Amino acid sequence: MSNKFSTFICQNCGSETSQYFGRCLNCNEWNTIVEERKNTRSKITSVNKNKKSKLFNEIEIGNISRFTSGFKEFDRVLGGGIVPGSIVLLGGEPGIGKSTIVLQSAGKISLNEKVLYITAEESLEQVKIRWERLNQSSLDLKIYAETNLSLIIEEIKKIKPGFAIIDSIQAINNDEMESSPGSVSQVRTCSSELQNLAKENNIALLIIGHVTKDGALAGPKTLEHLVDVVLNFEGDNIASHRLLRSVKNRFGSTFEIGIFEMLENGLREVINPSSIFTNKENIAGVTTTITNEGSRPFAVDIQALVNKTFYNNPRRTTTGMSINRLHQILAVIEKHVGIKLSEYDCYIATGGGFEINDPSSDLGVAISILSSLKNIPPLINCAFIGELGLSGQVRQASNIRAKIDEAIRLGIKNILLPKITSEIKDSFQKFIQIKEISNINEAINYALNE
């Protein structure tokens, strides 16, 4: 029964109510509301009364002195390195390698900075076993196994590290609260206390977070608003490659990615990611496109298999791209090329299962579908760039200079793309054969010239 000392909190979205409901009024999830007692203890907080508001011209900005994480790919995703006083949230599936990459990075950072690694899920012996497997070297790296927030804060104040790691926020508990570790209120309170500590002492803090079964970061949404950088560590249990993707970054661009490979002795950064997702094959149904992730272009193979259907409704399956985009591309081909694809099953897969969100890969998908259907290999050593419009036109692509540069670096000799300025064409013409097209039919005639 509720009283004035208790509140009801949804464990899915973090909303609070004064009474119990079977269904959360905010996120509409069932059986997620639990009762938690309010903290009745009085807390004495120190208030800095010397602070005052300032005009913009009175605010002085110093140079942001970043320090390296030890991985160039990690630094790229962070926007150039770790900013002192910043808070980074790293999430990922269990077993994906979050603790591994953080421990490797901690060892490299400790060669120049004082580092404190706080493990709330493993013992000191377990961390030591992983450390010996990674075969890393360190200089000023200390490990502390504790789950109590008060003791963790005391240890950070005593050590005064330049870089601190919390592994993980869901395993830490504040003993002033009655809720269990990992609950919405515990995560919110612990992260808020750690944020204040990091900002006041100019300590760079990296927090590891769990994810839900849907792949979202566990805990309240306020956790993501609280931190400066949110990173997702992605991959699967079969492939050895891992993607580090920034979702939020106050000190750099979002949706940057870093690529790593999981080996026996830990993670190794992949310097040339295009080599992972392309095989440079000239066979029917396979094309190469240059896609963008953040500010980084790289090449990805698109594979298509088009086969006569034996079902009333033809199958449409994709790996690495949206099924709705495939339906749209198939509709454009039927309407403007005049090929009845409703009689064929269509399967699309990207090289390495890489998730493509850049619409400029539409042209590569369309050419691979028609190449598989006709059983004709596309133009040899060619990249396809362009967004496919609903009227069959090939629309402009973003970041076109960087994409052409990447194609030249990979040794690609031909490139199909929408109309570009004469300035861009003249600067690249002597390095690569550029073919400008305006619609899907021009692309077919050039790429699938029988």
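No lab work stands behind these numbers, since they all come straight from the coordinates. Values in this document were obtained by computation on a predicted structure and should not be read as measured data. Because the Cβ atoms are built from the backbone with ideal geometry, glycine has one as well, and the counts that use them run over all protein chains shown.
Before moving on, here are some points about what is shown:
- Kirkwood-type radius of the chain, with distances r between different C-alpha atoms, in Å: 25.1 Å
- Shape of the range 64-271 from the C-alpha gyration tensor: rounded (a/c under 1.5, with a ≥ b ≥ c the square roots of its eigenvalues).
- With each label modelled as a point 7 angstrom along the Cα→C-beta vector, the Glu132-Glu436 pair spans 6.5 nm.
- Using the Cβ-Cβ distance between Glu121 and Asn279 with R0 set to 45 Å, the FRET efficiency works out to roughly 0.70.
- The phi torsions of the range 425-435, fed into the Karplus equation with coefficients 6.51, -1.76 and 1.60 and a -60° offset, translate into couplings of 4, 5, 6, 10, 4, 7, 9, 8, 7, 9, 10 Hz, rounded to whole numbers, with Gly and Pro shown as x.
- Cross-link partners for Lys430 among the aspartates and glutamates, with Cα-Cα distance under 16 Å and sequence neighbours closer than 8 places in the same chain left out: Asp405, Glu406.
- Value of Rg/Rh across the range 275-447 [Cα atoms, Kirkwood radius]: 0.95
- Glu60-Lys160 FRET efficiency (beta carbon distance; Förster radius 25 Å; 0.05 resolution): 0.50
- Ranked His241, His327, criterion: other C-beta atoms within 10 Å, fewest first: His327, His241
- In the chain, helices alone account for a calculated mean residue ellipticity at 222 nm of -8000 deg cm²/dmol, with every DSSP H run of four or more residues adding -39,500 (n - 2.57).
- Reach of Lys374 by Cα under 24 Å, taken over lysines that are not fewer than 8 positions away in the same chain: Lys280, Lys308, Lys335, Lys340, Lys413, Lys435
- In order along the range 302-316, the Karplus-derived 3J(HN,Hα) couplings, from 6.51 cos²θ - 1.76 cosθ + 1.60 at θ = phi - 60°, round to 10, 10, 10, 10, 10, 9, 4, 7, 10, 10, 5, 10, x, 7, 10 Hz, and Gly and Pro are given as x.
- Partnerless Cys - the chain, beta-carbon criterion under 4.7 Å: Cys190, Cys346, Cys382
- The calculated FRET efficiency for Glu264 paired with His225, based on their beta-carbon distance and R0 = 35 Å, is about 0.35.
- Counting neighbouring beta carbons within 10 Å and listing from fewest to most, the residues Lys199, Lys114 come out as Lys199, Lys114.
- Cα gyration tensor, the range 252-337 - rounded (a/c under 1.5), prolate or oblate: prolate
- Each Lys and Arg contributes +1 and each Asp and Glu -1, all at the Cβ; summed about the Cα centre of the chain, the dipole is approximately 780 debye.
- Annotation: amide H of Ile207 within the under-5 Å range of Val88, Leu89, Leu90, Ile166, sequence separation 5 or more or interchain, hydrogens built in the peptide plane.
- Ignoring aspartates and glutamates fewer than eight residues from Lys403 along the same chain, the ones with Cα atoms less than 20 angstrom from its Cα are Glu73, Glu256, Glu281, Glu293, Asp301, Glu355, Asp358, Asp362, Glu387, Glu423, Asp426, Glu436.
- Net lengthening on full extension, Glu193/Ser427 (0.36 nm per residue, minus Cα-Cα): 78.8 nm
- Here's how it looks for Val270: its modeled amide H is under 5 Å from those of Ile259, Phe260, Glu261, which are all 5 or more places away or on a different chain.
- Converting phi to 3J(HN,Hα) with the Karplus coefficients 6.51, -1.76 and 1.60 and the offset θ = phi - 60°, the range 267-278 yields 8, 10, 6, 9, 6, 10, x, 4, 5, 7, 9, 10 Hz in sequence order, with x at every glycine or proline.
- Relative to the longest principal axis of the Cα atoms of the chain, the long axis of helix 323-337 lies at roughly 20 degrees.
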